[in-house]
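Structure first, commentary second.
Quick note: the coordinates plus some simple rules give every number you see, no bench work behind them. Because the structure is predicted, anything quoted here is derived from the model rather than measured. For neighbour counting, all protein chains shown are included, and Cβ atoms are generated from backbone atoms with ideal geometry for every residue, glycine included.
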Amino acid sequence: MDNPERNFSIAPALTALLTISGLVTLLAQARVRTSLAYLALCVLTSMWLLLLGTRRNGTLRAEHFHSNYLFFVIFLWFISPEIRRVDDYFNGWDERSFYTITPLACTLVSAIGWRLRGIGRQPAVFIALLIPAMVLPYVTGLFVAGTMPATFALANWLAPIVFAAYLATNSDAYPSFDSSLRKACVIGTSLMSFYAAYQFAFPPPWDIFWIENAPITSVGLPLPGGFRAFGTMNSPMIFAPVLASLIIYIFFIRIRFKVIILFVATAALLLTSVRAAWGGLVIGVALFVVLRLRKDPTSVWKPVAVGSLGVLAFLAITVYTPYGSKLQDRFDSIGRITEDTSFNERLDVYELGIRRAQSSLGGEGLGTIGTAQALSESSDAETAFDSGLLQIPISLGWISGSWYALLLALAIAQLARGVTKSADPAMPCYLAILVSTLVQMIFSNRLSGPAGFFFFLFLGLYACAKTYKQHNRPLNSVGTGHL
């Protein structure tokens, strides 16, 4: 049996990322619009890596290409928004940029790598059956919202599911996925967190340009220290939940410079000022402790360490930056939640949203609310909706929404079975990330778009790891691997 801890080179994916991003950035500075070229090059690279892996299934060569495809796609979600901002800064604001759909398209390419013989296994079958839940809402959205908003919304909901099914049906490639995931998460978290800290203090002109032009109102002022950090992603509301999931994952693997990475990442998360992600991180860490206490009582020191890092980051930001008073106010508002403006506004959203959900059994359709509305011709586009839970019955309807929720619950329940008895810390780690993300659905939708991609990334890897463990020797990769 092959060693599940073996290291896989990410040189092809890294070379492709550096070449493509470097090329389009240079062309953008030369006043050449590059969004279509970026889309084409990334899709072709994704297909190349995936096809090479699929044609050699069952071999180490196949795992090498699967590993590179995973790394490539994850990093596209990390860097595409930032490259778009550079392009827009030099070439003018592009409301419908191809940069937005590039990560979605490359994620959907994963359908090529589905192994049909694995679809019938649980929980892969539950994940795959989430796809039919999108059919009726999409058709409804075509008539209500229009072709562009409905199709973009469909891609945001569908791509993460397709990717999770790809991971779940390629269980024999789990060692390569695990190796690639560690590298992508560590490098990506480090890059985004350090950049977020720099961005907050010395915002580059393209980020200022984005704040001034993007259809988001809750970021803040385009001034140093005057906005909520969003790193290389489009907004703090996207950056924060993704970063919270990555912090939980990095916290439970053994890597060099772990303390430094966690400290900077925690500080970056605080600078987003997204309280839902703060709470999700705390719940995720706490859940891991509960799940692992029986098997590894010494793991108690880990949440204490990460909590200490959070306190240190909070104190550093409070004492040494102008943002300290604002951050203190955000923490204080948790204690007086009924007086908080955003809390009361969210209560109004829930009250109105429940009425909307009750009025339509079939739902309003995909593209009627959320970021996809930015593609509509409506003058009162509803691009922000402060409830992920209500977005399911409103967009998907009660029929499709119930189907979606039931199958997702069955998939997670099947994966969670026996997690407290598992000696592999990967299992409770993945489960903690999933629960951490789901609790944030009270505030915003975390099951589609970038946040949805990382939710289903860990769901698919959870299914992949569990199937691999059932058919091979026990895993011990998370927590012991090194970069």
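Summary table below
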| item | result |
| --- | --- |
| Value of relative contact order over the stretch 184-270, rounded to a whole percent, pairs C-alpha under 8 Å and six or more apart | 36 percent |
| Karplus (6.51, -1.76, 1.60) ³J(HN,Hα), θ = phi - 60°, over the stretch 442-447, in Hz, Gly and Pro reported as x | 4, 9, 8, 6, 10, 10 |
| For the stretch 62-68, 3J(HN,Hα) per residue [Karplus equation, 6.51 cos²θ - 1.76 cosθ + 1.60, θ = phi - 60°, Hz, x = Gly/Pro] | 5, 4, 4, 6, 4, 4, 5 |
| Fully extended contour minus Cα-Cα distance, from residue 51 to residue 290, at 0.36 nm per residue | 81.9 nm |
| Protection proxy ranking of 40-53, 15-28 - average other beta-carbon atoms within 10 Å, highest first | 40-53, 15-28 |
| Interchain or long-range residues, amide H under 5 Å from residue 218's placed H | none |
| FRET E, pair residue 213, residue 31, Förster distance 22 Å, beta-carbon r, rounded to 0.05 | 0.80 |
| Long-range HN-HN contacts of residue 227 with modeled amide H, under 5 Å | 221 |
| Whole-Hz couplings from phi, Karplus 6.51/-1.76/1.60, listed for the stretch 126-143; x for Gly and Pro | 5, 5, 5, 6, 5, 5, x, 5, 8, 5, 4, x, 5, 4, 4, x, 4, 7 |
